[in-house]
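A short worksheet on the structure shown next.
The values are calculated or read from the model by the stated rules, or taken from the named source; none is laboratory data. Because the structure is predicted, anything quoted here is derived from the model rather than measured. Quick reminder, even Gly has a Cβ in these numbers, built from the backbone with ideal geometry, and neighbours come from all protein chains shown.
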Amino acid sequence: MRRKANLLLFAVAIIWGTAFVAQGIAGQYHVAYLFNGLSFMIAGLILLPLVPSRIKISSDQWKWMIVAGLLLFAATALQQVGIFYTQVANAGFLTSLYVVFAPILLWIFFRQRPHKLDLIAVALSIIGAFLLSSPGKFELQKGDALEILGALFWALHFVVLGRYASKFDSISFAAGHFLITGVLNFAVGLGVEDLSILRAPPLIGAITYRATLSIGVGYTLQVWGQKYTPTTDAALILGLEAVFAAIAGWLALGQSLVPLQVSGCAIILFAALLSQAKPESAHSP
């Protein structure tokens with residue numbers, strides 16, 4: 001079962017990486033909250049009929065769906081607004097910092113002490129993020145700063161799924177916190193964005209792709225996969241979305257990186273791998 005979960009999580013990494021193209025299209029239209037809102041609400045509604053009729057949602061599940069939904073709202077909002085000001089490859093690699101943030105959060109909230117390799121990985125990821133964000137300049141670009149902050153919320157969301165969502169039915173939990181995320185995003189979007197922009201055909205296509213594959217399929221498989229794969233192992237596999245985001249941004253959007261930025265990507269990827277290169281006994285449950 002664990003091998004099957006690992007393979008499914010690898011498929012999720014591919015889906016999420018290519019989904020950055022859809023998010024890049026939305027970024028070109030400078031729409032974030034409405035784009036996120038519709039995408040997550042559609043995904044949640046698609047999943048609702050698949051929730052087993054025998055499932056009764058307990059108050060404990062409601063509590064963790066709300067927590068997960070709030071964290072996912074913050075993560076997606078920061079990520080999508082950040083794409084306004086940075087490239088898809090940057091967004092993908094900086095978002096992957098949640099791979100090294102997660103062990104630190106497990107230490108802070110659950111007293112699960114990080115391995116020394118995790119601490120080295122954090123230091124390397126900071127160096128890599130700096131090179132990726134502003135090669136040759138001592139400044140952090142606005143979009144990249146938002147992506148890094150978003151990565152912290154992705155890590156929190158990841159930890160919550162790993163520690164609590166595994167206790168509940170995967171589909172009902174996924175659908176519930178997708179709808180919460182979608183409603184929050186859409187409500188904010190109605191106040192700060194133009195609803196009519198959603199008529200643009202490229203945006204309709206981007207929303208459809210993200211709602212069905214990236215969210216409906218990808219996040220649901222994530223919830224299921226984290227039931228059978230240790231949290232840090234799952235983080236490693238899903239962190240590979242950064243590689244697929246860079247490839248997809250190059251192929252579909254014609255975006256490229258200068259050599260120093262490529263080195264930053266390599267350092268971040270190495271940091272993610274390093275954080276997982278621990279004895280089996282040192283991995284989180």
ask   = Where in the range 168-270 are the helices (runs of 4 or more DSSP H), entirely inside, with at least 1 residues that are within 26 Å of Ile120 (Cβ to Cβ) and touching a helix residue (DSSP H, G or I) at 6+ places or on another chain (Cβ under 9 Å)?
value = 231-239, 241-253
message = Asn90 - would you say it is of a type outside the set (A, V, I, L, M), part of a helix (DSSP H, G or I), touching a helix residue (DSSP H, G or I) at 6+ places or on another chain (Cβ under 9 Å) and modelled with pLDDT of 95 or more?
response = no
request  = Please identify the pairs in which a residue from the range 91-109 that is closer than 17 Å to Gly162 by Cα has its Cβ atom under 8 Å from the Cβ atom of a residue that is basic (Lys, Arg) and modelled with pLDDT under 80, counting only partners at least 6 apart or on another chain.
outcome  = Trp107/Arg113
Among (1) surrounded by fewer than 22 Cβ atoms within 10 Å (Cβ to Cβ); (2) modelled with pLDDT of 85 or more; (3) in contact with a Ser or Thr (Cβ under 8 Å, 6 or more places away or on another chain) - the single one Val67 does not satisfy = (3)
note = Checked against (1) buried (at least 17 other Cβ atoms within 10 Å of the Cβ); (2) touching a Gly at 6+ places or on another chain (Cβ under 7 Å), Tyr85 satisfies every condition except (1)
ask   = Name the pairs: first residue in the range 13-27 and on the phi < 0 side of the Ramachandran plot, second residue among the hydroxyl-bearing types (Ser, Thr, Tyr), Cβ to Cβ under 8 Å, at least 6 apart or on different chains?
value = Ile15/Ser214; Trp16/Ser214; Ala19/Tyr209; Ala19/Ser214; Ala22/Tyr209; Ala22/Ser214
note = Checked against (1) more than 13 Å from Glu147 (Cβ to Cβ); (2) assigned to a helix (DSSP H, G or I), Arg54 satisfies every condition except (2)
remark   = Reported set for the range 25-34 where residues are surrounded by 22 or more Cβ atoms within 10 Å (Cβ to Cβ), at pLDDT below 95 and over 18 Å from Tyr219 (Cβ atoms) is Ile25, Gly27
task = Evaluate the range 20-36: report whether one residue or more is over 30 Å from Ile197 (Cα atoms) and in contact with a Lys or Arg (Cβ under 9 Å, 6 or more places away or on another chain).
result = no
query = For the range 68-87, how many residues are assigned to a helix (DSSP H, G or I) and either within 22 Å of Gly254 (Cβ to Cβ) or more than 16 Å from the chain's Cα centre (by Cα) (or both)?
reply = 4
query = Residue check: is Gly249 buried (at least 22 other Cβ atoms within 10 Å of the Cβ), within 16 Å of the chain's Cα centre (by Cα) and either of a type in the set (Gly, Ala, Ser) or more than 18 Å from Ala155 (Cα to Cα) (or both)?
reply = no
